[in-house]
Amino acid sequence: MEKTFLMIKPDGVGRGLVGEIVKRIENKGIKIVGAKLMTVSEDLAKTHYGEHSEKPFFGELVDFITSGPVFAMVLEGENVVEIGRTLVGKTNPAESAPGTIRGDYGMTVGKNIIHGSDSVASAEKEIALWFKEEEIIDYNLVTAAWVY
Ligand code: GDP
Ligand code: MG
């Protein structure tokens with residue numbers, strides 16, 4: 001089974017959207033195998049967004065992601081990296097369809113509510129960066145028989 005990493009950013013947590021977002025994930029049929037509310041160190045923020053270190057918005061992005069608690073999750077399911085990105089929507093909320101998280105709750109690219117891994121390779125990297133092995137739980141959902 002594939003795993004992905006989703007993280008509700010400080011704007012999503014601050015606006016009280018954790019429950020709404022978790023509900024969408026559960027309703028979709030995705031299994032949550034790890035979850036925690038946490039603050040993000042500058043080091044973690046810079047490593048996580050390392051691919052953007054040369055971009056003009058990098059400083060602003062690191063400041064934003066460290067500005068308040070985030071809700072980090074590891075999700076499991078068939079094709080869950082792609083399905084997670086579909087639930088999240090496009091980077092710019094203006095281009096995200098209604099029904100997506102960014103399309104329904106976001107207004108600007110700088111405060112777009114949630115992060116989702118963009119490939120299986122980055123999901124593996126991000127899960128290892130954000131979660132300890134013992135924080136990821138192996139269990140069965142009885143509903144899986146109706147999802148797969
Ligand atoms: P994502 O994979 O859809 O999250 O998008 P990217 O990997 O391209 O960018 C990472 C994050 O950087 C985005 O989710 C935004 O929060 C932020 N970001 C991207 N472009 C901009 C920008 O032009 N301005 C600002 N302030 N933030 C940006
Ligand atoms: Mg990205």
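The numbers here are math on the coordinates, done by the rules we state, and not lab data. The structure presented is a predicted model; accordingly, all values stated were derived computationally and were not measured. For neighbour counting, all protein chains shown are included, and Cβ atoms are generated from backbone atoms with ideal geometry for every residue, glycine included.
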What list of ³J(HN,Hα) couplings, whole Hz, do you get for the range 73-82 from phi and the Karplus terms 6.51, -1.76, 1.60, once you set θ to phi - 60° and write x for glycine and proline?
9, 10, 10, 10, x, 5, 6, 6, 5, 5
For residue 118, enumerate residues with amide H under 5 Å from its amide H, sequence gap 5+ or separate chain, H modeled in the peptide plane.
123
Computed for the range 1-140: size of charge dipole around the Cα centre, +1 on C-beta of each Lys and Arg, -1 on C-beta of each Asp and Glu, debye to nearest 20, value 440 debye
Starting from the Cα of residue 134, step 7 Å along the direction of its Cβ; do the same at residue 82; then give the gap between the two resulting points in nm.
3.7 nm
Dipole-positive endmost among 30, 67, 17 within the chain (Cβ charges, Cα centre):
17
Take the residue pairs 28/132; 46/111; 90/132 and return only those whose Cα atoms are more than 21 Å apart.
28/132; 90/132
Neighbourhood charge, 14 Å Cβ-Cβ cut-off, centred on residue 136 and excluding it, Lys, Arg +1 and Asp, Glu -1
-4
Out of the range 54-137, which chymotrypsin sites (Phe, Trp or Tyr not before Pro) are coil in DSSP terms and have no more than 15 other C-beta atoms within 10 Å?
57
